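Data block below; observations after.
Only the coordinates and a few stated rules stand behind these numbers; no lab work does. Quick caveat: nothing in here was measured; it's all calculated off a predicted structure. A quick note on method: Cβ atoms are made from the backbone with ideal geometry, for glycine too, and the neighbour counts reach across all protein chains shown.
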Amino acid sequence: MRLPKSLLSVVTIMLSLASVGCTMSWPSFGSDTGFAYQNYPVARTTATAGNGHTVTFKGTPLPLEGHGVKVGDTLPNVQVAKSDLSLINIADTKGTIRVISIVPSLDTKVCEQQTHYLSEKNNGLDKHVQLITISVDTPFAQGRFAKDAKINNITFLSDYRGGDFGKTNGLLVKDPHILARSVMVVDKDNVIRYLQVTPELAQLPDMEAAFQAANALVRSNS
């Protein structure tokens with residue numbers, strides 16, 4: 001049976017995302033959890049979220065869907081799923097500074113490294129802010145990932161129910177229904193103070209720049 005062309009393109013993108021980095025020969029760096037960091041490219045610019053804008057995967061443009069947020073906007077009200085499948089309004093996490101790391105799927109090499117970096121390379125920032133990872137993976141898959149990766153300082157939230165977080169923030173890649181790779185820093189009052197959407201899905205966001213933005217907020221609130 002032949003797959004429809006649109007479905008075939010979705011399958012191709014997902015398989016490619018899962019394999020990005022598998023054959024790279026750059027040096028690796030270990031961590032306390034045993035994770036081997038690879039020298040993946042880091043994006044130094046940002047794409048614009050929302051309808052009418054795109055990100056790319058290996059140069060192929062992929063349209064974004066939803067009303068795009070930007071620095072200075074209030075974090076929109078939208079429900080995401082917790083590990084027990086119960087729903088929480090992401091805006092209800094206010095009251096603390098948050099670094100929100102958004103990944104297409106934890107079952108990919110670059111997303112895996114982005115999440116390890118958030119957990120392990122924040123230089124003690126996790127003592128002062130909340131670290132959150134959002135993906136379209138199911139809560140069960142996120143739980144397995146966290147357990148296998150020995151990560152316990154990140155709150156995992158899932159957008160698996162329909163991509164509502166992605167749509168509300170303009171970060172949904174309509175085909176193949178994944179979230180655009182991004183990182184945002186949100187202050188105690190739910191104002192977005194930093195946002196980077198990687199223009200190319202195969203690149204990591206500049207996590208160090210996000211950590212610097214979060215640290216600046218911590219200092220201003222101390």
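Tabulated data for the structure shown
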quantity	calculated
Counting DSSP beta bridges with both ends in the chain, the antiparallel % (nearest 5)	70 percent
Nearest-20 debye value, region 5-220 charge dipole, Cβ charges on Lys, Arg, Asp, Glu	100 debye
Listed residue (N215, I151, I90) projecting farthest to the positive dipole end of the chain, Cβ model	I90
Selected from A36, F57, I178, residue furthest toward positive end of dipole (region 5-220; charges at beta carbon)	F57
Calculated FRET efficiency for the pair S86/E208, C-beta based, R₀ 35 Å, to 0.05	0.55
Local electrostatic count at R44 - Lys and Arg +1, Asp and Glu -1, tallied over other residues with Cβ under 15 Å	-2
Positive minus negative residues near P63 (Lys, Arg vs Asp, Glu; Cβ under 13 Å)	0
Extension gain from T48 to E200, taking 0.36 nm per residue of separation minus the Cα-Cα distance	53.5 nm
Over the chain: helical MRE at 222 nm, DSSP H runs n ≥ 4 each giving -39500 (n - 2.57), nearest 500	-8000 deg cm²/dmol
At least 18 Å along the helix axis (C-alpha) and Kyte average at least 1.0, DSSP helices within the chain	5-19
Whichever lysines have a C-alpha closer than 27 Å to that of K174, once near sequence neighbours (fewer than 8 apart) are set aside	K5, K58, K70, K82, K109
Estimated translational D of region 5-220 in µm²/s (Stokes, Kirkwood radius over Cα pairs; 4 °C; 1.567 mPa s)	76 µm²/s
